[in-house]
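Nothing in this text is a laboratory measurement; each read-out follows from the coordinates by a stated rule. Source: prediction; values computed, not measured. Positions of Cβ are backbone-derived with ideal geometry, glycine not excepted, and every protein chain shown enters the neighbour counts.
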Amino acid sequence: MIRFILKRILALIPVLLGVSFIIFCLLYFTPGDPAEYMLGMDATEENIQELREELGLNEPFLVQYFNYIKNIVLHFDFGKSYTTKQSVTIELLQRVPATVTLAVLSVAFATIIGVVTGVIAAVKQYSIFDKLATIFALTGVSMPNFWTGLMLIIIFSVKLGWLPPSGFSTPMHWILPALTVGMASSATIMRQTRSAMLEVIRQDYITTARAKGQKEIVIVFRHALRNALIPIITVVGISFGGMLGGAILAESIFSVPGIGKLMVDAINVKNYPMVQGGVLLIAFAFSIVNLLVDILYAFVDPRIKSQYKSSGKMKKKAPIVATKAKEETT
Amino acid sequence: MTVTPTAIDTSIDVSSIKKETLLQQTWNGLKKNRLAMVGLFLIILLLFVTIFADFIAPYGVDDQDLTRAYTAPCKEFIFGTDDFGRDIFSRIVYGSRYSLMIGAVAATLSAVIGMLIGSLAGFYGGKTDNILMRFIDIMLAIPSTLLGISIVAALGNGIRNVIIAVAIGAVPAYARIVRASILSVKEQEYIEAARSIGASDFRIIMHHILPNCLAPIIVQITMSVAKAILEASALSFIGLGVQPPSAEWGAMLSAGRAYIRKAWWIVTFPGLAIATLIFGLNLFGDGLRDALDPKLKT
Amino acid sequence: MDENILSIRDLSVHFIKDKSVVKAVNHLSLDLKAGETLGLVGETGAGKTTTALSIMNLVPNPPGKIVGGEIIFEGTDVLKRSKLELRKMRGREVSMIFQDPMTSLNPVMTVGDQIAEVVRLHNQCSKADAAVQAQKMLELVGINAERYGDYPHQFSGGMKQRVVIAIALACSPKLLIADEPTTALDVTIQAQVLELMNDLKTKFNTSMILITHDLGVVAQVCDKVAIMYAGEIVETGDLDAIYDNAKHPYTIGLFGSIPDLDNDTERLSPIAGLMPDPTALPDGCSFSPRCPHCTQYCKDHDPALEEIDPGHSVKCWLYSQQREVEE
């Protein structure tokens with residue numbers, strides 16, 4: 001099991017390197033001179049060249065990339081912000097708590113609402129609850145999250161005055177942003193829960209459980225839901241990516257002092273090291289979450305645990321082999 | 001008792017029979033699904049609005065009238081006016097063109113690229129598969145909104161770059177579908193049989209493998225269009241991609257943010273338009289999936 | 001009359017799918033004495049499993065509905081019992097072994113816990129006591145008690161079925177319904193499982209209904225036989241009566257379609273035709289389309305199950321004493 005985890009962590013490294021390479025390339029080939037940006041309009045040609053040397057911008061591409069990676073891995077240094085000239089790393093780290101809070105709250109909200117609604121809809125299939133839940137799910141998935149955020153502000157801040165429209169300092173401030181980010185995902189999770197539960201409830205072992213004389217509610221939760229967890233966890237993992245994207249937008253709308261807002265602001269002023277660092281950090285976090293989801297599978301489903309334990313070897317797919325036998329027959 | 005082989009009747013074109021029945025079957029299945037029909041109706045409505053924009057919109061897309069700025073929805077201006085006194089309804093009508101174009105082009109682009117990658121990976125297996133799938137994994141490690149942001153930030157604004165950014169984000173889904181389809185079919189005997197009668201790789205892919213993954217691909221395309229439109233409008237909202245004064249719906253939302261208190265309708269209706277269109281696409285996509293699924297279970 | 005532990009009278013079960021009604025069980029009647037083993041024989045689709053599920057009132061609803069009849073178990077009608085009474089009955093007084101051991105066990109629970117679950121449901125005991133009982137049951141069915149904490153996927157098909165048997169017998173039920181318990185298993189394993197069931201049956205003096213389509217299995221294990229066709233019992237009697245003295249054309253046809261070690265035959269003689277569509281059963285006798293002795297009277301009138309010899313009943317106009325004179 002530990003071996004499996006280590007293998008997966010090792011497998012992460014090329015992926016993260018690949019991500020960093022792509023991001024680095026993207027921003028390397030963006031038109032514009034970084035040194036010019038940093039020094040501003042009044043810089044002289046001399047100053048610019050000086051800065052270019054200092055930042056190593058005249059080195060060949062691969063050297064620059066290598067240095068970039070080296071700095072990140074050894075010193076956790078993502079470079080300097082064009083606008084503030086401060087370390088990108090420090091600015092990013094300052095913003096992490098807010099984003100993490102938002103992400104955790106959104107996931108919690110989406111998962112709890114999604115799973116509970118999905119279970120009820122499946123157990124009471126075709127009832128009014130089920131139909132309403134499905135419609136809610138369909139609309140939830142269709143509304144762009146930035147629009148949802150704005151609508152929530154209009155309803156709850158402007159018209160009703162119940163909740164604050166921006167900032168992140170108190171729990172009251174957390175509600176609208178978390179709702180905004182979690183809403184679309186809760187709809188997706190609800191649909192997946194419902195379909196997974198419906199399939200599980202049809203299985204023979206559920207009839208076995210009823211034949212034992214077990215109570216229906218215990219059957220739903222201990223027997224059915226536990227078996228439906230795999231697809232549910234999968235969809236939560238996938239939704240997380242969407243929620244990260246949503247968080248970036250929500251932070252802009254609600255002025256949450258998180259990484260997302262930092263990045264959006266940085267984009268608008270072409271502060272590329274900040275954008276680079278932010279993307280890398282988020283991609284890294286996302287990969288870790290995916291790894292955790294995979295590990296979670298093992299704890300939920302003993303069959304998968306066995307697979308992880310026995311061998312970490314990937315089965316090779318056999319290529320098509322032209323059969324000589326066919327040629328030999330008539 | 002001996003069995004005499006009957007002569008093969010070559011006058012019937014088998015492939016055309018099969019296709020006809022499949023399309024009709026799917027259509028029949030769809031017709032029964034009321035929600036899917038609603039979705040289809042909404043999509044056709046959008047197409048209609050886009051094509052006949054000039055006839056439907058009461059005002060021009062840039063007709064400003066500063067004296068009528070911030071007018072609430074009324075008979076004259078169904079959805080009200082914005083900060084420049086432009087009719088929001090007309091702008092939404094014209095803005096539909098952006099959504100349509102971005103959705104259609106991006107979805108097609110990502111489908112073609114994704115299917116190509118998936119086919120190569122699935123069919124040739126081994127190293128090709130490994131490399132291509134690593135590449136797909138890398139793309140999947142970045143949440144799609146973030147990927148889109150990075151690409152547009154690098155390439156610059158404008159509708160062309162938005163389409164590229166959004167298309168790239170959707171490629172992995174297609175690649176995986178096609179690859180999985182190929183892998184499931186590759187080992188089966190009728191592929192060996194086709195090879196043994198001398199079918200080339202290309203022919204095998206086109207005639208035997210691709211038809212199998214047709215159903216999930218079609219569903220995925222519908223969903224991609226929706227996703228593309230959502231992402232494009234999100235990018236506009238942040239300040240990337242299509243910008244004001246273009247009447248792209250996301251851009252309209254972005255511009256209207258400042259006036260939430262004064263004129264809530266500026267952000268409400270463009271967003272409603274997006275939501276309605278996506279809703280229609282989702283309904284239709286779901287209906288397609290239900291109609292195609294039982295018939296074409298790979 | 002009331003040495004009968006189970007008495008099914010005139011049971012009818014319908015399944016409603018979209019617009020069509022599947023008549024799975026039609027006016028079925030059946031008796032079982034305490035300690036007896038009844039073999040319920042029939043082809044796939046005859047309604048055997050539905051009958052079995054009805055005894056525990058477990059027919060999935062929707063789409064199934066018990067539309068008539070009564071099932072008297074130990075004096076009271078199962079179909080009229082409350083939910084609580086039913087739950088008490090299931091697993092404790094009546095147990096069921098299902099057909100496919102591969103899917104009958106919960107994949108995410110240990111086998112030990114699954115047995116312990118039924119123990120705890122019907123006995124006021126602690127978790128530890130239930131676990132001990134579960135271990136005893138495992139040993140009883142020939143599985144090492146140390147495997148309590150293993151999961152179903154770690155067992156072979158035959159061993160999974162033993163676990164299912166352990167669950168079914170854990171609370172010493174009075175009636176055990178075994179729905180094709182060996183169909184999904186290899187022949188060698190089949191023999192072992194049947195032997196196990198026989199032993200346990202004798203040990204606990206359990207009455208059993210064994211559902212199967214395999215006449216060989218019936219011969220090994222059963223005291224009585226009931227032949228089922230299109231949702232009805234067409235013939236029932238002691239083992240000898242049915243095997244040596246079958247009356248109903250369908251029963252005769254069944255025996256005729258089995259390969260016989262003793263006699264040399266060129267071809268098997270299967271019964272021509274297929275079972276009728278349960279949404280469109282024929283008027284009159286349901287076997288009439290396939291019966292070599294069918295008459296017009298048979299096509300128009302549905303016979304009733306009548307006792308022709310002590311303990312031997314047939315549902316066929318050929319043997320009926322109560323044929324009405326046609327007008």
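What's the local net charge at C:PHE15, with K and R +1, D and E -1, over the other residues with C-beta under 9 Å away?
Net local charge, C:PHE15 excluded: +3.
Under 15 Å from the Cβ of A:GLY245, count the other residues' Cβ atoms, weight Lys and Arg +1, Asp and Glu -1, and hand me the total.
Net of charged neighbours comes to 0.
When only alpha-carbon atoms count, how far does chain C stretch along each of its three principal axes, as whole angstroms with the largest first?
72, 51, 41
Using a 10 Å cut-off on Cβ to Cβ distances, tally the other chain neighbours for every residue of B:229-240 and report the average as a whole number.
Working: counts 1, 8, 2, 0, 3, 8, 1, 1, 10, 10, 5, 3.
Mean shielding by partner chains, rounded to a whole number: 4.
With the cut-off at 19 Å, tell me which of the pairs A:LYS70/B:LYS127; A:LYS7/A:LYS305; C:LYS33/C:LYS203; A:LYS159/B:LYS75 have Cα atoms farther apart than that.
Beyond 19 Å between Cα atoms: A:LYS70/B:LYS127; A:LYS159/B:LYS75.
Taking chain C as the reference, fit the longest principal axis to its C-alpha atoms, fit the long axis of helix C:111-122 to the helix C-alpha atoms, and give the angle between the two in degrees, 0 to 90, nearest 10.
80
Given only helices, namely DSSP H runs of n ≥ 4 each adding -39500 (n - 2.57), what is the per-residue ellipticity at 222 nm of chain B, to the nearest 500 deg cm²/dmol?
-24000 deg cm²/dmol
Could you list A:VAL275, B:VAL49 so that the one with the fewest beta carbons within 10 Å of its beta carbon is first and the one with the most is last?
Least to most surrounded, the residues fall as B:VAL49, A:VAL275.
Let me know the Rg and Dmax you get for the protein assembly as shown when you use only its Cα atoms, in Å.
35.0, 122
Output the DSSP H helices from chain A with an along-axis C-alpha extent of no less than 24 Å and a mean Kyte-Doolittle hydropathy no less than 0.0.
Span-like helices, by this rule, are A:2-28, A:88-123, A:171-201, A:226-254, A:272-300.
Neighbouring Cβ atoms within 10 Å as the yardstick, rank C:TYR319, B:TYR98 fewest first.
On the way: C:TYR319 17, B:TYR98 24.
By the 10 Å Cβ count, ascending: C:TYR319, B:TYR98.
Hey, got the dipole for the protein assembly as shown? About the Cα centre, +1 on K and R Cβ, -1 on D and E Cβ, debye to the nearest 20?
Here the protein assembly as shown has a charge dipole of around 2460 debye.
Order by neighbour count: C:ASP223, B:ASP54, fewest other Cβ atoms within 10 Å first, most last. Please list the in-between numbers first.
Numbers: C:ASP223 16, B:ASP54 9.
By the 10 Å Cβ count, ascending, the order reads B:ASP54, C:ASP223.
When you look at the Cβ of every residue in B:148-156, what mean number of other chain Cβ atoms sits within 10 Å?
Across the residues of B:148-156, the mean count of other-chain Cβ atoms within 10 Å is 6.
So, with +1 on the Cβ of K and R and -1 on the Cβ of D and E, and no other charges, what is the size of the charge dipole of region A:144-267 about its Cα centre, to the nearest 20 debye?
Computed about the Cα centre, the dipole is about 540 debye.
Could you pull out every residue, at least 5 positions away or on a different chain, whose amide H is within less than 5 Å of the one on C:LEU318? Hs are placed 1.01 Å off N in the peptide plane, and Pro or chain starts have none.
Counting only residues 5 or more places away or on other chains, the set is empty.
Quick one: 3J(HN,Hα) in Hz for region B:60-72, Karplus 6.51/-1.76/1.60 with θ = phi - 60°, rounded, Gly and Pro as x.
Here the 3J(HN,Hα) series is x, 6, 10, 5, 9, 8, 4, 6, 9, 5, 6, 7, 6 Hz.
May I ask you to list the trypsin sites (Lys or Arg not before Pro) in region A:61-126 that are in a DSSP loop and have at most 13 other Cβ atoms within 10 Å of their Cβ?
Working: sites: A:LYS70, A:LYS80, A:LYS85, A:ARG95, A:LYS124; in loops: A:LYS85, A:LYS124.
Of the trypsin sites (Lys or Arg not before Pro), the ones in loops of region A:61-126 whose Cβ has at most 13 other Cβ atoms within 10 Å are A:LYS85, A:LYS124.
Which three extents, in whole angstrom, do the alpha-carbon atoms of region C:1-91 cover along their principal axes, largest first?
Dimensions of region C:1-91 along the principal axes of its Cα atoms: 42, 32, 21 Å.
What's the Kirkwood radius of chain B in Å, using all Cα pairs?
Hydrodynamic radius (Kirkwood, Cα only) of chain B equals 21.7 Å.
For chain A, list log₁₀ I(q)/I(0) at each q in 0.09, 0.14 Å⁻¹, using the Debye formula over Cα point scatterers of equal strength and ignoring solvent, two decimals each.
The calculated log intensity ratios at q = 0.09, 0.14 Å⁻¹ are -0.66, -1.17.
Which links in B:LYS227/B:LYS262; A:LYS215/C:LYS160; A:LYS212/C:LYS48 stretch past 26 Å when you go from one Cα to the other?
Flagged as over cut-off: B:LYS227/B:LYS262.
Indicate the helices, whole DSSP H runs only, in chain B that combine a mean Kyte-Doolittle hydropathy of -0.5 or more with a Cα extent along their long axis of 18 angstrom or more.
Taking the DSSP H segments of chain B (at least 18 Å long, mean hydropathy at least -0.5), we get B:34-51, B:88-124, B:126-141, B:159-186, B:210-238, B:265-292.
I'd like to compare C:84-97, A:51-64: which one has the highest average count of other Cβ atoms within 10 Å, and what's the full order after that?
On the way: C:84-97: 21.6, A:51-64: 12.6.
Ranked from most to least packed, the peptides come out as C:84-97, A:51-64.
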